[in-house]
Each structure stands twice: as structure tokens, then as C-alpha cells.
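These notes are about the structure you will find just below.
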Amino acid sequence: MRKKLVAGNWKMNKTYQDSKKLIKSIGNNLDEDTLSKIDVVICPPFTSLSRARKLTNKSKINIGAQNMYYENDGAYTGEISASMLKALGCKYVILGHSERRQYFSETDFTINLKLKKAIENELISIVCVGESLEQRENKIQNQIVKEQLTNCLTAIDRKDFNKIVIAYEPVWAIGTGKTATPEQANQMHIFIRETIEKLYNQDVSANIKILYGGSVNENNSQELFNQSDIDGGLIGGASLKPESFVKIILSAIN
Ligand code: PGA
């Protein structure tokens with residue numbers, strides 16, 4: 001049985017000061033019993049990572065970054081390395097979010113380089129894939145997601161799949177209030193699992209966690225998480241509202 005995972009992607013929100021209140025109100029509403037049944041990850045901006053780490057030190061809440069660079073160190077102004085994240089106590093990193101692909105020209109190729117570096121540093125990567133509205137309207141969503149998966153996973157060894165989580169995030173559902181229906185999302189998750197089985201084997205595909213992301217909230221999360229192949233969610237907007245985020249987490253274990 002795959003353990004569910006719920007990750008909050010704060011994006012470019014919350015100052016160092018503001019993050020304390022949000023992390024505390026999430027932490028105060030999740031007991032140890034709940035946190036033993038589900039993996040919870042908080043991904044604040046880089047500037048709040050160390051504070052988030054300190055505030056969650058005694059709990060099972062995990063910390064993740066929203067991005068990283070693929071070189072070890074050197075003259076890369078403005079970038080953050082995998083080892084810097086690891087040294088800070090980060091366990092996870094989000095790679096290839098559609099906003100990074102769209103606004104910062106990330107490609108499957110650079111995501112693949114980042115994934116290799118994250119694995120080397122023992123970070124668990126949440127690798128994002130998903131089609132645009134136009135691609136779905138043209139009914140090429142499966143082809144697009146298959147291509148993204150194949151490229152992002154190039155030369156990744158099957159033994160490293162315990163450090164990879166896939167997040168299916170249809171671009172048309174992110175921050176728009178339009179969620180994929182549970183059936184639509186599950187169909188794609190099944191397709192992702194089949195694609196991974198063809199690329200690797202049945203064992204890898206049966207064990208990999210596949211999250212859904214895109215306008216998940218406390219009202220739609222349970223039905224999404226009840227689907228056979230949806231193993232949790234990558235939550236944007238609703239992860240900034242502690243009551244909603246906690247309800248989403250609880251809905252994954254009910
Ligand atoms: P959203 O974002 O929940 O605000 O749609 C999800 C994401 O971008 O990860």
C-alpha cells in the first residue's frame with residue numbers, strides 16, 4: 001500500500017516573519033498519530049526554509065524546497081544547490097513545476113539534470129508533469145505527459161525510484177479554480193503508472209507515489225484522494241490557509 005503524501009507549495013508567498021504563524025497553525029492542528037499515517041511536506045520559499053525546519057524539528061512534518069540548481073557550487077548567481085538544501089534539513093524538492101517551465105524557461109532536459117543531482121544528494125524529488133489547456137483540447141495530453149516523463153526520467157536508475165514522486169498538474173487547473181474531475185485525474189494517473197511500467201517495471205510503477213495538483217481544496221480533496229491511483233496532492237493556494245490545508249491532509253487518511 002502506498003502511503004499518501006500531501007505537500008504544500010507556498011510559491012512566492014509569506015515573508016520570513018509571516019511563515020512562523022502559518023507553520024505553527026498547521027503544526028498545532030496535526031497530532032503525531034495523524035502524521036504517522038501520512039507524509040506531510042511544507043515547501044515555503046527559500047528564505048523561510050531554515051525557519052520552517054526549526055519550527056518542525058520535533059514533529060514528523062517534512063520540509064521541501066520549490067526548486068534547486070543542478071550544479072554542485074560555483075559562479076551561478078542567484079541559484080541554490082541540492083547540498084545546500086540537504087544541509088538545511090530539507091527532505092524534498094519540487095522540480096519542473098509548470099510555473100518554472102512557463103516563466104523561467106525550464107525544460108525536461110534541465111529538470112532531468114536537477115533530478116540526477118537531487119538523487120545524488122538524497123533529496124526526494126516531486127517531479128511535475130502536465131498538459132496545457134490547448135493540448136488537452138487537442139486530445140494530446142497523454143502524448144505530452146508521456147514525453148515529459150520519458151525525458152525527465154532519462155538515465156534514472158530504477159533503484160532510485162524511492163527518491164521520486166510524480167505530481168500530475170494539468171496547467172489549466174493550476175490556480176484557476178478548475179479542477180480535473182476525479183475520474184479525469186485518475187485516468188491520467190493510471191496512464192502515468194503504465195508509462196513508468198513500460199519504462200521500468202511493474203514493481204517500480206506499483207510503488208511510485210503519484211500526486212494530483214491543480215485547485216485542490218478541502219471540498220474536493222477526499223474524492224480525488226479516494227481514486228485508485230491518486231496518492232495525495234500538491235497543494236498551492238489552499239496550503240496558505242492552515243484550516244484548509246489541515247482538512248485536506250485529514251481527508252487523505254479518512
Ligand atoms: P493550486 O496550485 O492548488 O493553487 O492550483 C497547485 C500547484 O501549482 O502546485
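The values are calculated or read from the model by the stated rules, or taken from the named source; none is laboratory data. This one's a predicted model, so the numbers in the text were calculated from it and none came from an experiment. Every residue, glycine among them, receives a Cβ derived from its backbone with ideal geometry; neighbour counts consider all protein chains shown.
So here's what we get for this one:
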quantity	calculated
Unmet criterion (only one of (1) loosely packed, with under 15 Cβ neighbours inside 10 Å; (2) within 16 Å of the ligand (Cβ to nearest atom)) for His97	(1)
Test result for Ala185, crowded, with 22+ Cβ neighbours inside 10 Å, within 16 Å of the ligand (Cβ to nearest atom) and either hydroxyl-bearing (Ser, Thr, Tyr) or not in a strand (DSSP E or B) (or both)	yes
Failed item in (1) touching a strand residue (DSSP E or B) at 6+ places or on another chain (Cβ under 7 Å); (2) part of a loop (DSSP other than H, G, I, E, B); (3) surrounded by 19 or more Cβ atoms within 10 Å (Cβ to Cβ), with Lys14 passing the rest	(1)
Selection count, the range 196-254, where residues are in a helix (DSSP H, G or I) and either modelled with pLDDT under 95 or more than 13 Å from the ligand (Cβ to nearest atom) (or both)	22
Cross-chain or 6+ apart pairs with Cβ under 6 Å, the range 146-159 first and over 16 Å from His97 (Cα atoms), then assigned to a helix (DSSP H, G or I) and aliphatic (A, V, I, L, M)	Arg158/Val204
Total residues in the range 17-69, condition part of a helix (DSSP H, G or I) and either under 23 Å from Gln222 (Cβ atoms) or not small (Gly, Ala, Ser) (or both)	24
Of the criteria (1) under 18 Å from His189 (Cα atoms); (2) surrounded by fewer than 24 Cβ atoms within 10 Å (Cβ to Cβ), which one Asn138 fails	(1)
